[in-house]
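> Take a look at the following structure, please.
The values are calculated or read from the model by the stated rules, or taken from the named source; none is laboratory data. All of these numbers come straight from a predicted model, not from anything done at the bench.
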Amino acid sequence: MCYSSSKHTLNVPLVSSCSSKTQHLQLSFLRRRRAQLKEARERRKMAVVKTQIKMRNLKLYKENQSLLNENERLRNQAMLLYKENQDLLSKLQKKLSQQSNKNN
C-alpha cells in the first residue's frame with residue numbers, strides 16, 4: 001500500500017518511498033491522530049453535556065426554592081386559619097354554655 005502523491009493527509013505528506021518502516025510510521029501517526037481527534041470530540045461533547053446538566057440543576061434548584069417558599073407561606077396561612085377556627089369554636093362553646101345556663 002504505497003502511494004506516490006504530493007497530497008497531504010492531516011499535514012503528513014505521503015512519501016514515494018515504499019519502505020515498510022515508513023508506512024508503519026505513517027499509519028501509526030494517523031491512528032494516533034484519529035484517536036486524538038476522537039478524544040477531543042468526546043471532551044467537547046462532555047463539556048456541552050456538563051453545561052446542560054448545570055443549567056438543569058440550577059433551574060431545578062430555583063424551582064425547589066420557589067416550592068419551599070410557597071410551602072412556608074401556606075403553612076403560615078394554615079396556622080392562622082387553625083387559630084381563627086379555635087377562637088371561633090371557643091366563642092361558640094361559651095355562647096352555648098351561657099344559653100344552657102339561662103335555660104336551666
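> Which members of the range 23-47 meet the condition of being within 27 Å of the chain's Cα centre (by Cα) and among the basic types (Lys, Arg)?
Lys38, Arg41, Arg43, Arg44, Lys45
> Okay, moving on. Quick check on my filter: what residues within the range 19-70 are small (Gly, Ala, Ser) and assigned to a helix (DSSP H, G or I)?
So in the range 19-70, the residues small (Gly, Ala, Ser) come out as 19-20, 28, 35, 40, 47, 66.
Residues satisfying the conditions are Ser20, Ser28, Ala35, Ala40, Ala47, Ser66.
> Go through the range 19-68 and give me each residue that's of a type in the set (S, T, N, Q) and modelled with pLDDT of 95 or more.
Across the range 19-68, the qualifying residues are Gln36, Thr51, Gln52, Asn57, Asn64, Gln65, Ser66.
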